[in-house]
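Enquirer: The structure is given below, and queries will be raised subsequently.
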Amino acid sequence: MKHFLMCEPTFFEVCYVINPWMEGNMGKVNEALAKQQWENLYDIVAGLASVSLIEPAAGLPDMVFTANAGLVQKREFIVSSFLHAERQPEAKFFEKFFSSHGYRVRHLRKETIFEGAGDALFDSQGRLWFGSGIRSEPQALDEIVNAFDVEACGLELVDPHWYHLDTAFCPLPEGRAIAYEKAFARTSVEALNHAFGENIIWVSEPDARNFACNAISIGQRVIMHRASAELKAALKQRGFEVIEADVSEFIKAGGACKCLTLEI
Ligand code: ARG
């Protein structure tokens, strides 16, 4: 059974702008609705997997996006070191959680920017896909490969709307994946096509803008904010069922379903 870490949106709001989705959304989050949407997502995930919770910290509104805590492999955890000052204090809370839950906590070099599972995703073959160009730095990948001894492939993100790899790419079981082409440099699109071939579904721009690639994959279920009829059909044809979970309030901060979880 999969196991996820989530963080209640007690202190969630948009009070700074560190990605294009946050622009114009300062003070615009409906807190009651955010709480309701988060609880609905929690119920869906908890119905299919087990979920642990980390205590939210006041003054850290983006801590709800646990995907950015770090990268987990077995009982080891590489803690993130965030690009923006606004999110940097989250790291010590995540570090404390993982060390007190029996994980070996590892650090990259102090100056290396790394935003965790937002930019580092394992596919169903155990290969690590790593996104850099906007948040995490390419040298983080070298350090991760040294620490975890994994086969890895770096991808270059080119559009600030798709600032984390998990906003534009989601590996699925059986060697499949969904992705949004315009988020990536041409060579990265080629690398994905080469690796996944027929097994990658390239989503449309409207689906990408609805954060369809920011999906939680649990068995044959794919949980996402919203999917077009075409995307649902394409996934159904390959044996997957889409579960929609409206997270509109979190999209105001530039994150959706997958960002709100970290597989541990
Ligand atoms: N406001 C947050 C940020 O810009 C959103 C993070 C979303 N997380 C993710 N894994 N894509 O950092």
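Enquirer: In what sequence do ASP123, ASP43 fall when counting other Cβ within 10 Å, fewest first?
Expert: Ordered from fewest to most neighbouring Cβ atoms within 10 Å, ASP123, ASP43 come out as ASP43, ASP123.
Enquirer: Now, a different point. Where does the chain land at 222 nm, in deg cm²/dmol rounded to the nearest 500, when only DSSP H runs of n ≥ 4 count, each adding -39500 (n - 2.57), divided by all residues? If you can, show how the numbers build up before the last one.
Expert: Working: 7 runs with 69 residues, N = 264.
It lands at -7500 deg cm²/dmol.
Enquirer: To continue, here is another question. Net charge within 13 Å of GLU111 by Cβ-Cβ distance, Lys/Arg positive one each and Asp/Glu negative one each, not counting GLU111 itself?
Expert: Numbers: positive: ARG109, LYS110; negative: GLU137, GLU143.
Surrounding charge for GLU111 is 0.
Enquirer: Moving on to the next point. Looking only at the stretch 71-199, where both bridge partners belong to it, what percent of the DSSP beta bridges are antiparallel (to the nearest 5)?
Expert: On the way: 12 of 20 bridges.
Here the antiparallel bridges make up roughly 60 percent for the stretch 71-199.
Enquirer: When DSSP beta bridges are limited to those with both residues in the chain, what percentage is antiparallel, rounded to the nearest 5? Show your work: numbers first, answer last.
Expert: On the way: 18 of 37 bridges.
Of the beta bridges lying entirely in the chain, close to 50 percent run antiparallel.
Enquirer: Can you sort SER81, SER204 from fewest to most other Cβ atoms within 10 Å of each residue's own Cβ? Intermediate values should be presented prior to the final figure.
Expert: Working: SER81 22, SER204 14.
With the sparsest Cβ surroundings first, the list reads SER204, SER81.
Enquirer: Please check: in the Gaussian network model of the chain (C-alpha springs, under 10 Å), which one of VAL105, VAL150, VAL45 has the largest mean-square fluctuation.
Expert: Most flexible of the set in this elastic network: VAL150.
Enquirer: Using a 7 Å offset from the Cα along the Cα-to-Cβ direction at both HIS107 and MET1, what is the distance between the two label points in nm, to one decimal?
Expert: So the label points at HIS107 and MET1 sit 3.6 nm apart.
Enquirer: Nearest 5 percent is fine: what portion of the DSSP beta bridges confined to the stretch 1-132 is antiparallel?
Expert: On the way: 8 of 15 bridges.
Taking every DSSP beta bridge within the stretch 1-132, about 55 percent pair in antiparallel fashion.
Enquirer: For SER204 and GLU244 in the same chain, what is the full-extension length gain: residue separation times 0.36 nm, less their Cα-Cα distance, in nm?
Expert: On the way: separation 40, 0.36 × 40 = 14.40 nm, distance 1.70 nm.
Once the chain is fully extended between SER204 and GLU244, it gains 12.7 nm.
Enquirer: So how far apart, in nm, are the two label points at GLN36 and ASN146 if each is 7 Å from Cα heading toward Cβ?
Expert: In this crude label model, GLN36 to ASN146 measures out at 5.0 nm.
Enquirer: Using the beta-carbon distance between LYS236 and SER50 and R0 = 30 Å, what value does 1/(1 + (r/R0)^6) give for FRET efficiency, to the nearest 0.05? Don't skip to the answer; put the middle values down first.
Expert: Numbers: r = 27 Å, r/R0 = 0.89.
Efficiency computed from Cβ-Cβ geometry: 0.65.
Enquirer: Counting other beta carbons within 10 Å of each Cβ, put LYS236, LYS2, LYS110 in order, fewest first. Could the numbers behind the result be given before it?
Expert: Working: LYS236 12, LYS2 15, LYS110 6.
Placing the least packed residue first, the sequence is LYS110, LYS236, LYS2.
Read the figures in this text as sums done on the coordinates, not as results from a lab. From a predicted model like this one, the values you see are computed outputs, not experimental measurements. Cβ: placed from backbone, ideal geometry, glycine included. Neighbour counts: every protein chain shown.
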